[in-house]
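Engineer: Encoded as C-alpha cells, here's the structure I'll be asking about.
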Amino acid sequence: MMQLFLTAIGQVLLIGVLIGAGLPAIFAFGIRFLAYGAGGDAEVSHEKPHPLGTVLGYLCIAIVLAVILLGIAIIVSSGFGYHVSFEHIIPTFKKG
Amino acid sequence: MILAVTLELLLLALVILTAITFDFTNGFHDTANAMATSIATGALKPKTAVTLSAALNLIGAFLSVEVALTVTNAVVHIQDSSGAPKPEFLANHGHVLLLIVFCGLIGGVVWNLLTWLLGLPSSSSHALFGGLIGATIAGLGFSGVNWAGDGSKLDGVLGKVILPAFASPFVAAIVATIGTWLIYRITAGVAERYKESGFRWGQIGTASLVSLAHGTNDAQKTMGVITLALIAYGVWTDTTQVPTWVKIACALAIALGTYTGGWRIIRTLGKGLVEIESPQGMAAEASSAAVILTSSHLGFALSTTHVATGSILGTGLGKRGAEVRWGVALRMVAAWLITLPAAAIVGGVMYLIANTLGGYLGAIVVFAILVGLMSFFVMRSRRKPVHSGNVNADWDADSNAPAAAAPAAGSEMKETLS
C-alpha cells in the first residue's frame, strides 16, 4: 500500500511541477519579454522599446495557451472514452 | 389518503433531496478553492468571480460523462464493483441502503455547514465519506467499512482518503513554491504595475481551470449517490449511465451553490492565510489545476480543498518577505483532521436515531434535525455576516470575521489596473 501510494504521489508531484510550475514560468517569460518589448515604464530600467520582445512575449503566451487547451482536450476526451496519442507528434484523438 | 407513500419511497425522496442539498453545499464550500485568490488580488470583482466559477462548474458537470456510480466503494461495502447495490440490500426496496446513504449525506451536509460557519475550508468529499462511514458502522458494524481494500491497489479509507489527505497539501505547496519562486525570479526587471496587470490575466485563466476541474470531479459524486439510491429502490437498472434528470439537477445544484459563494471561506483562503499578489495568485491556481487534473487523470483523486490550501500556502513560502499566518493554517489542518470522524459521528448518530424510532417517524425526525441544524447555522452566520461587499476587508488577527469598522470594504479592492 505504502509503495503504491508513494509511486502515485511521486508521479503527481513530478507532472505537477512540470506543468504547474513550468507553465507559469513560461508565462512569466512572456510577461518579461512583453515588458522588454514595451520598454519605458514597463521596465524598472526604463529602456527603449524592443519589438523583438513583443514577438517573443506573445509566443510564450501562445505556448501556454496551447498546452492548456491540449490539457482540457485530454480531460474532456477521456470522459467520452477517447485518449490522446502523440504517436505522430501532433496530438490526435483515438477511441479506446 | 389518495396516494399511498411507502416508507421506502419517502426515504428515496429524502435521499434525493439531501443529496442535492449536499451538492449545493459542496459548491459554495469550494468556490474559494478556485476564486479566493482572484478575489483577494482584485483580478476579478467578487460577484464576477463567483458567476464565472458557477458557469464553469456547470459546464464541467456536463463535460465529464465518466460514470461515478462506484463512488461509495472507496469507503464502504454497500455496492459491488459494477456499481449495483449488493444483493442483500435489495430487500424492501433497499430500505437499509437508503437509510445508510440518507444518514451519511446528513453527516456531510451538517459538517460542511459547520465548517462554513467557522470560515474553514474543509474537504466536501471527506465530509461525505465520513458521513457514509459513520452511518455504515451504525447500520452494519465495522466490517461494513472498506478500511484498506485488499492491498493490491490504493483503496479504502486508508488508501483513498487518509494517505492522499496527508500528502496532497505538501505536493501542492511544493509545486506552488517552485512556481512562485520562478515567476518572481524571471520577472525581476519588470515594473510592478505592468507585472500586476499581466498576471491578472494568467490568474483568471488558471482559476477558471480549477473551477472546470471542480465541476468535472465533484458533481459526479452526488450523481453517483443518487443513482445508487434509485437502483436500490428499483426504479433504475442501468449501471453504466446516470439518469439525465439527475445529471441536470446535480449540475444546477453545484453551480447554484458556487454562485452563492461561501464568502466566509473565500475570505479565509484569500486574505487569512497569506496576503497575495497577482503573480502569487497565478502560481497558486496553476499549481492547484495541475495537481488536481493530474491526480484525477491518474485515477487518484485528491481533495480540491487540500490542494488549493497547500498551493496558497506554497505561494507564501515561495515569495521572499511574504507572511504566512501559521495560526490560520493550523486551524485549517485541525479542521481537516476532524472532518472525517466528526461527519462520521453525525452520520452514525442519525442512523441510530432513525433506526431506533423506526419507520416514518425515524426518517422524519432525522430530516427535521437536519433542517433544524441548517437553520441554526444560517442564523448564527447572520451575526457576523461575510458577503461580497466585505470579503476583502483587512484581516483582523483576533477573529476571522471582517473588522467591524469596515463599512465600505468594497473600496478595499485595489484598482491598480487603470
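Values in this text are rule-based calculations from the coordinates and carry no lab data. All values reported here derive from a predicted model rather than from experimental measurement. Glycine also receives a Cβ, built like all others from the backbone with ideal geometry; neighbour counts cover every protein chain displayed.
Engineer: Would you compute, from DSSP H runs of 4+ residues alone, the mean residue ellipticity of chain B at 222 nm, taking -39500 (n - 2.57) per run and dividing by the full residue count, rounded to the nearest 500?
Structural biologist: -22500 deg cm²/dmol
Engineer: Still on this structure, please answer the following. Under a Cβ-only charge scheme (Lys and Arg +1, Asp and Glu -1), can you give me the dipole magnitude of chain B about the Cα centre, in debye to the nearest 20?
Structural biologist: 780
Engineer: Of the cross-linked pairs A:48/B:45; B:47/B:247; B:153/B:221, which ones have a Cα-Cα span greater than 31 Å in the structure shown?
Structural biologist: Exceeds cut-off: A:48/B:45.
Engineer: With all pairs of different alpha carbon atoms counted, what Kirkwood hydrodynamic radius in Å does the stretch A:16-95 show?
Structural biologist: This gives a value of 14.4 Å.
Engineer: Would you calculate the separation in nanometres between label points at residue A:72 and residue B:394, each defined as 7 Å from the Cα along the Cα-to-beta-carbon direction?
Structural biologist: According to this spin-label approximation, the distance is 4.0 nm.
Engineer: Quick one: give the max-minus-min coordinate of the C-alpha atoms of the protein assembly as shown along each principal axis, largest first, in Å.
Structural biologist: Sorted from largest, the Cα extents of the protein assembly as shown read 83, 62, 44 Å.
Engineer: Follow-up. Using the Cα atoms of chain B to build a convex hull, what is its mean projected area in square nanometres?
Structural biologist: Quarter of the Cα hull surface area: 20.5 nm².
Engineer: Excluding the sites themselves, what is the longest stretch of chain B that contains no trypsin sites (Lys or Arg not before Pro) in a DSSP loop with at most 16 other C-beta atoms within 10 Å?
Structural biologist: Looking at chain B, B:154-319 is the longest stretch - no exposed trypsin sites (Lys or Arg not before Pro) with at most 16 other Cβ atoms within 10 Å.
Engineer: Ok, one more. Can you give me the Cα centroid spacing of the stretch B:18-91 and the stretch B:300-358 in angstrom?
Structural biologist: Between the Cα centres of the stretch B:18-91 and the stretch B:300-358 lies a distance of 16 Å.
Engineer: Specify the angular offset, from 0 to 90 degrees and rounded to the nearest 10, of the alpha carbon long axis of helix B:7-41 from the longest principal axis of the alpha carbons in chain B.
Structural biologist: 10
Engineer: Determine by what factor the alpha-carbon radius of gyration of the stretch B:248-390 differs from 2.2 N^0.38 Å, reporting the quotient.
Structural biologist: The value comes to 1.32.
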